Amino acid sequence: MEGLFGKYRVLLAPMAGVTDIAFRTLCREAGADMAFTEMVSAKGLSFANEKTRHLLALAEGEDQVAVQLFGHEPEVMASQAAWIEQEMGDTLAYLDINMGCPARKIVSKGDGSALMKDPAGAAAIVSAVKEAVACPVTVKFRRGWAEGDETAPAFARTMEAAGADAVAVHGRFAEQLYRGSADWDVIARVREAVSVPVVGNGDIRCGADAVAMAERTGCDAVMIARGAEGNPWIFADVQAALAGAEAPSAPSIDERIAMARRHARLLSRREGRNIVRMRKHAMWYLAGLPGAAAARGRINYCTTPEDFDTVFDDLLEIASSHAS
Ligand SMILES: Cc1cc2nc3c(=O)[nH]c(=O)nc-3n(C[C@H](O)[C@H](O)[C@H](O)COP(=O)(O)O)c2cc1C
């Protein structure tokens with residue numbers, strides 16, 4: 001794999017409500033070459049909305065981040081892209097435009113994957129943003145909008161012609177949401193259709209999956225979302241597999257819980273936010289451990305790292321009694 005811009009082969013995907021500074025820190029440490037912010041509303045930024053600006057903050061020690069913008073008005077997208085670049089300077093790795101989100105509240109406004117139904121409008125956004133910034137601009141989209149109607153290869157060509165420096169493809173249709181499995185062959189067809197780098201995305205759950213996707217599609221980089229939930233170790237696994245090295249051993253229960261404790265602490269330090277979102281991360285870290293399902297109710301009351309610690313302590317005890 002060539003790597004995106006010759007540098008990034010393994011990417012942490014943008015995930016709203018997940019890829020905040022805490023999660024990015026853990027994934028980058030584990031081996032992700034680049035990570036995305038949560039998607040940022042261009043409209044929200046244009047209102048100088050603090051909640052939106054907050055999404056652009058870098059983690060301690062984070063050298064660079066890729067920012068994902070969503071919106072549908074070329075002028076707003078361009079002016080906010082320029083503002084982001086000016087604010088972030090060299091800490092901005094590149095800008096991505098979200099044309100893949102299928103959530104109703106996004107597509108009903110003409111944002112996200114709704115743009116796949118309007119290639120001319122999508123192209124107008126890309127060229128306006130390209131004109132406004134010096135950094136690379138990428139576009140992330142799906143196999144197509146309507147189930148069975150694969151428009152991604154033609155859409156990719158339109159994005160490239162509009163100036164996109166790379167594209168990322170998730171092999172599901174927007175109407176499919178997350179049902180079924182991702183089709184990787186569409187990534188190969190997009191690879192054939194354009195000459196800019198292509199990032200493959202969808203259903204990578206381990207290092208072997210990443211190697212299989214790269215071999216089957218010829219993609220330049222792989223992007224991982226759900227496979228990293230509760231599992232930042234996936235990045236070490238993928239890096240090892242791509243390098244042809246032996247897979248690192250799976251994390252022990254102690255390591256999983258230590259990672260969860262650290263995650264809670266990073267989240268608790270996150271400016272302006274409590275750590276309520278740690279609840280879902282905790283369930284992801286604990287998935288499959290004895291006593292985890294029963295702990296869900298308690299986790300849903302946790303509001304501090306120490307609250308989580310008490311649940312984790314109990315689970316460690318249960319685990320050790322199972323082991324003995
Ligand atoms: C909780 C969650 C939030 C997501 N938020 C975004 C987002 O903000 N922008 C985006 O382009 N995709 C978003 N996605 C889609 C992922 O980036 C990715 O394309 C999709 O999950 C398929 O990859 P996976 O099989 O590795 O999960 C989100 C996915 C999940 C599960």
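The values are calculated or read from the model by the stated rules, or taken from the named source; none is laboratory data. Bear in mind that the values here come from a model prediction, so they are computed numbers and not experimental data. Here Cβ is always computed from backbone atoms with ideal geometry, including for glycine, and neighbour counts include all displayed protein chains. The protein model used for the area step is the full one, side chains on, heavy atoms only, and it has no ligands, DNA or RNA in it. Shrake-Rupley method; radii C 1.70, N 1.55, O 1.52, S 1.80 Å.
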Turns out the helices (runs of 4 or more DSSP H) fully within the range 1-117 with at least 2 residues that are within 16 Å of the ligand (Cβ to nearest atom) and open to solvent by less than 40 Å² (accessible area, probe 1.4 Å) are 21-30, 42-46, 74-88, 104-107
Selection from the range 281-290 of residues over 15 Å from Pro232 (Cβ atoms) and loosely packed, with under 14 Cβ neighbours inside 10 Å yields Gly288
If we keep only residues of the range 218-235 that are over 26 Å from Arg256 (Cβ atoms) and open to solvent by 10 Å² or more (accessible area, probe 1.4 Å), then the residue nearest to the ligand (Cβ to nearest atom) is Asp220
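Is the range 256-264 home to any residue that is open to solvent by 60 Å² or more (accessible area, probe 1.4 Å), farther than 18 Å from Ala16 by Cα, more than 25 Å from the chain's Cα centre (by Cα) and modelled with pLDDT of 95 or more?
Among the residues of the range 256-264, not one is open to solvent by 60 Å² or more (accessible area, probe 1.4 Å), farther than 18 Å from Ala16 by Cα, more than 25 Å from the chain's Cα centre (by Cα) and modelled with pLDDT of 95 or more, which makes the answer no.
Give the residue, chosen from Val199, Val169, Val186, Val190, that is among the β-branched types (Val, Ile, Thr), within 11 Å of the ligand (Cβ to nearest atom), touching a strand residue (DSSP E or B) at 6+ places or on another chain (Cβ under 6 Å) and in contact (Cβ under 8 Å) with a residue 24 or more places away in the chain.
That would be Val199, the only listed residue that is among the β-branched types (Val, Ile, Thr), within 11 Å of the ligand (Cβ to nearest atom), touching a strand residue (DSSP E or B) at 6+ places or on another chain (Cβ under 6 Å) and in contact (Cβ under 8 Å) with a residue 24 or more places away in the chain.
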Those residues of the range 143-163 which are over 22 Å from the mean Cα position of the chain (by Cα) and either assigned to a loop (DSSP other than H, G, I, E, B) or closer than 16 Å to Ser181 by Cα (or both) amount to Ala146, Glu147, Gly148, Asp149, Glu150, Thr151, Gly163
